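Take a look at the structure below.
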């Protein structure tokens with residue numbers, strides 16, 4: 001009995017060892033093109049294994065005893081605005097690999113045979129991922145010097161001295177195909193020198209900022225079984241493979257699986273693998289819809305110029321973005337916006353935004369994009385950086401707390417001096433902020449104009465109701481406004497005259513850089529579609545006369561005001 005148990009245990013050990021060492025020898029891999037090869041393509045009668053690459057005699061003198069002609073093709077090389085290396089035409093081991101893998105030289109064409117070795121299954125490498133062709137612009141760059149200087153110029157590259165021993169540069173210090181692939185061993189699949197599960201191989205060279213805490217590194221979401229581009233069961237296991245393909249990539253720059261940048265995001269963020277169905281949000285009435293643009297965004301672009309666009313990576317860094325944990329009501333910037341560039345309130349471009357509004361200012365500040373149905377105001381500018389400036393006479397407290405003591409209408413629990421974020425107003429109308437819905441947070445899409453999470457009526461002649469000015473009443477008590485606590489004729493204007501809040505107030509702030517002579521306190525910046533200048537004097541003005549007091553000169557609803565005084 002003991003002998004049988006020992007024999008059974010030995011069989012298990014031997015079997016496990018055999019499984020672990022499967023394809024550890026070239027004879028066990030598809031690179032064995034002889035008659036004994038395991039692949040679909042193999043020789044009709046040639047029994048030698050090594051002859052398809054090597055021969056002891058009659059070679060070209062190319063190491064290591066190369067038995068094939070070298071390709072003479074001129075290759076299209078990988079190019080990217082984010083690539084600091086300068087790869088040229090393939091050299092060294094990479095050129096040897098391409099003597100089969102560019103598909104231009106027959107597999108059986110070797111120097112040590114007078115006649116070409118005939119193959120079953122095709123004389124040339126068949127079309128597919130392994131046939132790279134002569135266009136290498138969709139393949140990982142090769143044949144460039146990987147130096148300490150290169151790593152110093154790109155902090156997201158590992159210095160050569162810190163590379164794992166399996167990842168080897170050639171004698172000239174160049175990165176070649178053989179830095180990632182070992183043609184004689186296939187224990188990791190695809191002849192990789194290290195496993196690619198959990199990004200092990202990619203992170204041998206690439207040390208992406210924020211990757212250690214990124215959701216794409218840790219997410220346990222299960223990948224659909226039919227997903228051809230994802231070889232592993234979970235997002236965390238696929239890691240880099242979730243978005244990138246090192247050969248024959250759809251998006252050549254940055255080696256993305258899909259050419260359409262958003263396709264790499266929406267293939268998961270459509271509710272199939274991630275609870276946040278962003279695709280559904282983009283179909284709403286107003287949206288930051290990346291599907292309207294193709295290959296316009298560039299990671300190294302400057303903000304405030306060029307072609308207006310919005311892509312997922314304008315706001316999110318896929319190597320760093322993480323789920324936002326529960327926290328206080330106000331946070332400067334959410335975890336989904338980690339390590340994204342921005343523009344400060346002073347107009348400086350920074351590589352790592354510290355506040356949410358700095359990300360928004362990339363598009364909505366000095367190079368402000370056009371929005372639908374813009375409201376033209378007395379002091380008019382589309383530059384929100386200027387509107388929110390703490391140096392203005394009045395501003396919503398985005399970049400700094402407001403010093404004003406006149407805001408007596410704040411809802412209970414919202415203390416004076418509180419700061420807000422852009423997404424307190426611009427957000428998903430079916431998200432947690434927009435009435436407690438279960439949709440994803442963020443300004444991806446809304447059924448309200450201006451991508452607002454709640455209704456904000458800007459049309460004149462609409463009867464006052466809580467639902468019409470729901471966004472304003474989120475922070476300002478309706479009862480306080482309608483009882484004229486801060487302005488003696490709030491109720492008259494909103495209820496009786498049916499004027500919208502936006503007829504007088506600019507919700508962002510009022511800059512001193514443009515506009516007329518009107519005072520700019522209390523966010524008063526008239527909508528010139530509704531409020532007109534006095535026809536005799538040509539004046540359109542508000543004058544601040546002290547706390548809860550002021551006067552107007554204008555025409556509104558056909559009624560003329562000339563220095564008309566208001567006091568509480």
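The values are calculated or read from the model by the stated rules, or taken from the named source; none is laboratory data. Quick caveat: nothing in here was measured; it's all calculated off a predicted structure. Note: ideal-geometry Cβ built from the backbone for every residue, glycine included; neighbour counts use all protein chains shown.
Can you name every residue in segment 50-86 that is in a loop (DSSP other than H, G, I, E, B) and crowded, with 20+ Cβ neighbours inside 10 Å?
Going residue by residue through segment 50-86, those that are in a loop (DSSP other than H, G, I, E, B) are 53, 55-65, 67-75, 77-86.
Those that are in a loop (DSSP other than H, G, I, E, B) and crowded, with 20+ Cβ neighbours inside 10 Å: 53, 67, 68, 71, 75, 78.
In summary, residue 144 fulfils each of the numbered conditions (1) in contact (Cβ under 8 Å) with a residue 40 or more places away in the chain; (2) surrounded by 16 or more Cβ atoms within 10 Å (Cβ to Cβ); (3) more than 29 Å from the chain's Cα centre (by Cα) with the single exception of condition (3). Inspection of segment 178-186 identifies at least one residue that is surrounded by 18 or more Cβ atoms within 10 Å (Cβ to Cβ), in a helix (DSSP H, G or I) and touching a strand residue (DSSP E or B) at 6+ places or on another chain (Cβ under 9 Å).
Do we have any residue at all in segment 288-297 that's under 19 Å from residue 260 (Cβ atoms), surrounded by fewer than 19 Cβ atoms within 10 Å (Cβ to Cβ), touching a strand residue (DSSP E or B) at 6+ places or on another chain (Cβ under 9 Å) and at pLDDT 95 or above? Checked against the condition, which is being under 19 Å from residue 260 (Cβ atoms), surrounded by fewer than 19 Cβ atoms within 10 Å (Cβ to Cβ), touching a strand residue (DSSP E or B) at 6+ places or on another chain (Cβ under 9 Å) and at pLDDT 95 or above, segment 288-297 yields at least one hit. Within segment 144-165, none of the residues are in a loop (DSSP other than H, G, I, E, B), farther than 30 Å from residue 210 by Cβ and in contact with a strand residue (DSSP E or B) (Cβ under 8 Å, 6 or more places away or on another chain).
Yes or no, residue by residue, for (1) in a helix (DSSP H, G or I); (2) in contact (Cβ under 8 Å) with a residue 60 or more places away in the chain; (3) over 16 Å from residue 375 (Cβ atoms):
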residue	(1), (2), (3)
485	no, yes, yes
498	no, no, yes
514	no, yes, no
534	no, no, yes
537	no, no, yes
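The set of residues from segment 380-401 being part of a loop (DSSP other than H, G, I, E, B) and closer than 20 Å to residue 426 by Cα comprises 381, 382, 383, 388, 389, 396, 397, 398, 399, 400, 401.
Restricting attention to segment 500-512 and to residues that are part of a loop (DSSP other than H, G, I, E, B) and in contact (Cβ under 8 Å) with a residue 60 or more places away in the chain, the residue that is nearest to residue 375 (Cα to Cα) turns out to be 506. For segment 338-352, the criterion of being in contact with a helix residue (DSSP H, G or I) (Cβ under 9 Å, 6 or more places away or on another chain), at pLDDT below 90 and at negative phi is satisfied by no residue at all. For segment 460-483, a residue qualifies if it is assigned to a loop (DSSP other than H, G, I, E, B) and surrounded by 14 or more Cβ atoms within 10 Å (Cβ to Cβ), and the qualifying residues are 460, 462, 464, 468, 469, 474, 475, 477.
Every condition in (1) modelled with pLDDT of 95 or more; (2) surrounded by fewer than 21 Cβ atoms within 10 Å (Cβ to Cβ); (3) under 16 Å from the mean Cα position of the chain (by Cα); (4) farther than 27 Å from residue 432 by Cβ holds for residue 255 except the one numbered (2). Does at least one position in segment 197-204 carry a residue that is touching a strand residue (DSSP E or B) at 6+ places or on another chain (Cβ under 8 Å) and assigned by TED's automatic domain parsing to the domain that holds residue 269? Looking through segment 197-204, none of the residues is touching a strand residue (DSSP E or B) at 6+ places or on another chain (Cβ under 8 Å) and assigned by TED's automatic domain parsing to the domain that holds residue 269. For segment 417-450, a residue qualifies if it is closer than 21 Å to residue 331 by Cα and not in a loop (DSSP other than H, G, I, E, B), and the qualifying residues are 422, 423, 424, 431, 439. Against the list (1) over 30 Å from residue 386 (Cβ atoms); (2) at pLDDT 95 or above; (3) in a loop (DSSP other than H, G, I, E, B), the condition residue 212 fails is (3).
Output the residues belonging to segment 269-305 that are more than 24 Å from residue 449 (Cβ to Cβ) and touching a residue at least 60 places away in the same chain (Cβ under 8 Å).
Step one: list which residues in segment 269-305 are more than 24 Å from residue 449 (Cβ to Cβ), which gives 269-275, 294-305.
275, 298, 299, 300, 303, 304, 305 - these are the residues of segment 269-305 that are more than 24 Å from residue 449 (Cβ to Cβ) and touching a residue at least 60 places away in the same chain (Cβ under 8 Å).
Just to be sure before I move on: is residue 529 without any contact (Cβ under 8 Å) to a residue 24 or more places away in the chain, part of a loop (DSSP other than H, G, I, E, B) and surrounded by 13 or more Cβ atoms within 10 Å (Cβ to Cβ) in the structure I sent? No. The set of residues in segment 112-141 that are buried (at least 16 other Cβ atoms within 10 Å of the Cβ), touching a strand residue (DSSP E or B) at 6+ places or on another chain (Cβ under 8 Å) and over 30 Å from residue 243 (Cβ atoms) comprises 117, 119. Give me the pairs: first residue in segment 155-166 and modelled with pLDDT under 95, second residue part of a loop (DSSP other than H, G, I, E, B), beta-carbon distance under 8 Å, and six or more apart or on different chains, which are they? Sorted first by the residue in segment 155-166, then by its partner, the pairs are 155/207; 155/209. Among the conditions (1) over 26 Å from residue 527 (Cβ atoms); (2) more than 30 Å from the chain's Cα centre (by Cα); (3) in contact (Cβ under 8 Å) with a residue 40 or more places away in the chain, the only one that residue 395 does not satisfy is (1).
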